[in-house]
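The values are calculated or read from the model by the stated rules, or taken from the named source; none is laboratory data. Everything numeric in this text was worked out from a predicted model, so none of it was measured. Every residue, glycine as well, gets a Cβ built from its backbone with ideal geometry; the counts of neighbours run over all protein chains shown. The protein model used for the area step is the full one, side chains on, heavy atoms only, and it has no ligands, DNA or RNA in it. Shrake-Rupley method; radii C 1.70, N 1.55, O 1.52, S 1.80 Å.
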Amino acid sequence: MRSLALWTLAAAGAFFITASAFLLLATVGSEPSELRITPSPDPESPSPALELSISEERLGELEAEENQPLEVTVINRSGEPLSDVNLSLRVSSEDTATTEARYYRASVEHLPPGEEAEVRFELNLSPFGTRGTLDNPRKIIEVQASTPAGATAVATAILTI
Amino acid sequence: MLVILGIAVLLAGCAVSSREEAAVIPPAPSEGRGADLGLGPGVRPLSAGPGNKSSPSWSPDGERIAYVLDGYVVDKPLFTQDYRRRTARDLGAEEVHWTSGHTLTILAPDQTADTPLSEPLAEVPEIKTRSVYQTSSEGEIEIDRITDRVLAMTPLPPGGYTLASVIDAALENRLAIISSGEELGRLPLTGIEGRVTALSASPDGRQVILAAQDVPGNGPVRLYLLDFPAGTPRLLTQLPPELRLLGDPQWTTHGIYYIAGEERDSDAAAYSLYRLPPNSPAPESVAAVGRDFVPASVKAAPDGERLAIVGRRNPASPTNLYVLNPGSGRIEAVTSNENMDIKISPTDLAWSPDGRHIAIVARSASTAPAVYDTQASSLIRDFYNIYRVPAP
């Protein structure tokens, strides 16, 4: 009878130690959200296979009018060739009351490893028809690139025109 | 029994873990400035992404923040992106106050413009009235329209009630008392000359300061004090006719503070911070802020012991947030603005309920184009966003 009681006590103690260890790990693993919103790049993250580049100097030349040419450079950072790189570009307003947006598409059929390709878009950057709550809202140009193999990249440009 | 308890403890730990990992405001590594958001150390963003944000208001427990986003109202936990839309998108909301529990009180354009009730107002076309709404329940975007023909409103501490200055059908001033989705009653505001265009309450809710003008935006401003709810308005002082009031007068333990100045075209330098000492009809310029200080908005802390002031040290310096302790006369800059455009509307300044933080709205003032390798929804500085600033 006594050995049974000791066994039960020991088993319960072991269980609590294990449970506490799990609890501690869970707490350590999920640092409070308060600590997470500070911008800080993750030095351990692997280099992406795809990269997008937009010249800030070129952006500075754009005007709030139609037919504004913008070149987007797609770079293959992987050691493998990439095919069917699809690019989608969206022009929208900082003022989200303006639901209007303009969409553009392009693709690069083949991109050898380490190579880059320049894709040219003709953008309509004239003011949106619907007015929101800001007098001079900034324009947002968001470019997303993806391949059927799963490589992705994103670039966002902010314009004050 | 012990085994069941152990499992419960284990599950509780996992539950806490998964909840904290959900929808945290994503970092913005491509902004490339580390913890520097252009407003100085200790400042934390409470929102991210595009959208014109304004009128921040903390929940009574300080865990969530509500604000106006492009004309509608949202609320969210402080540090996650779990936005919850609380109104229809086309409301045109101008101001929101988190008055109790899940209740948000909202000021939006008056919806009675086409009804017979608004006809008497045609005689005084300068008057722009609005309506007060309240959210009905958590998770619903349906809101209740409580009171129309409103000129100004203020939450009434210690919580749950809202006061609104309204014009009734006979064009008389009334103070509507609002709570739990309904108007509980109206107090007459006898003896007040003109229209009540601004009001605020003391921390204990027993005194209400009212500012009145013959015609809103025109004529001399008179400040009244009302012992709530049983008293009648008592004239405290009348400002010189050329002075215009900016925002609501603020009750502190050391007197009533307000910003006033001459209206000149885009020249905020004409405004000053004034104090009306207790039991005195003579306002005095607040020397503690400095002779050249240009105030834009002021808000008293929940305990009435400090003042948050958005302004500039002198007309040539950047806009910053300051905290003034009226008792000691000590003023301290709590932001160090590095090319940020801080909103200066009185509604864009809010104390947390515990008085430890102040919410402001700002975005980068840079006009140069910028490129990031992240989505726009993760960007902070480039759009008007809410920031939490530690208060001394």
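Which residues, counting only those in the stretch B:357-392, are part of a loop (DSSP other than H, G, I, E, B), more than 9 Å from every other protein chain (Cβ to nearest Cβ), among the aliphatic types (A, V, I, L, M) and touching a residue at least 60 places away in the same chain (Cβ under 8 Å)? Can you show your working first?
We begin by selecting, within the stretch B:357-392, every residue part of a loop (DSSP other than H, G, I, E, B); these are B:365-369, B:373-375, B:379-384, B:391-392.
Retained after the next criterion (residues that are more than 9 Å from every other protein chain (Cβ to nearest Cβ)): B:365, B:381, B:391-392.
Of the ones still in play, those that are also among the aliphatic types (A, V, I, L, M) are B:365, B:391.
Passing the criteria: only B:Ala391.
Among the numbered criteria (1) surrounded by 16 or more Cβ atoms within 10 Å (Cβ to Cβ); (2) more than 9 Å from every other protein chain (Cβ to nearest Cβ); (3) under 20 Å from B:Ala376 (Cα atoms), which one does A:Glu100 miss?
(1)
Could you check, for the stretch B:44-53, whether at least one of its residues is in contact with a helix residue (DSSP H, G or I) (Cβ under 9 Å, 6 or more places away or on another chain), within 10 Å of another protein chain (Cβ to nearest Cβ), open to solvent by 10 Å² or more (accessible area, probe 1.4 Å) and touching a residue at least 12 places away in the same chain (Cβ under 8 Å)?
Within the stretch B:44-53 (the criterion being in contact with a helix residue (DSSP H, G or I) (Cβ under 9 Å, 6 or more places away or on another chain), within 10 Å of another protein chain (Cβ to nearest Cβ), open to solvent by 10 Å² or more (accessible area, probe 1.4 Å) and touching a residue at least 12 places away in the same chain (Cβ under 8 Å)), the answer is yes, since at least one residue qualifies.
For residues that are in contact with a Gly (Cβ under 7 Å, 6 or more places away or on another chain), free of Cβ contacts under 8 Å to residues at least 24 places away in the same chain and not aromatic (Phe, Trp, Tyr), tally how many sit in the stretch B:268-299.
So the answer is 3.
Scan the stretch B:338-345 and give yes if some residue there is more than 14 Å from chain A (Cβ to nearest Cβ), open to solvent by 50 Å² or more (accessible area, probe 1.4 Å) and not polar (S, T, N, Q), otherwise no.
Within the stretch B:338-345 (the criterion being more than 14 Å from chain A (Cβ to nearest Cβ), open to solvent by 50 Å² or more (accessible area, probe 1.4 Å) and not polar (S, T, N, Q)), the answer is yes, since at least one residue qualifies.
Which one is modelled with the lowest pLDDT among residues in the stretch A:31-68 that are open to solvent by less than 60 Å² (accessible area, probe 1.4 Å) and touching a Phe, Trp or Tyr at 6+ places or on another chain (Cβ under 7 Å)?
It comes out as A:Ser33.
Looking at A:Ser126, A:Ser107, A:Ser88, A:Ser92 in this structure, which one is part of a loop (DSSP other than H, G, I, E, B) and out of contact with any His (no Cβ under 9 Å at 6 or more places or on another chain)?
Answer to the selection: A:Ser126.
Would the stretch A:109-131 turn up any residue that is more than 23 Å from B:Ala370 (Cα to Cα) and within 14 Å of chain B (Cβ to nearest Cβ)? Explain how you work it out, then say what you get.
To start, the set of residues in the stretch A:109-131 that are more than 23 Å from B:Ala370 (Cα to Cα) comprises A:109-115, A:129-131.
Now narrow it down to the ones that are within 14 Å of chain B (Cβ to nearest Cβ): A:130-131.
Taking every residue of the stretch A:109-131 in turn, at least one turns out to be more than 23 Å from B:Ala370 (Cα to Cα) and within 14 Å of chain B (Cβ to nearest Cβ).
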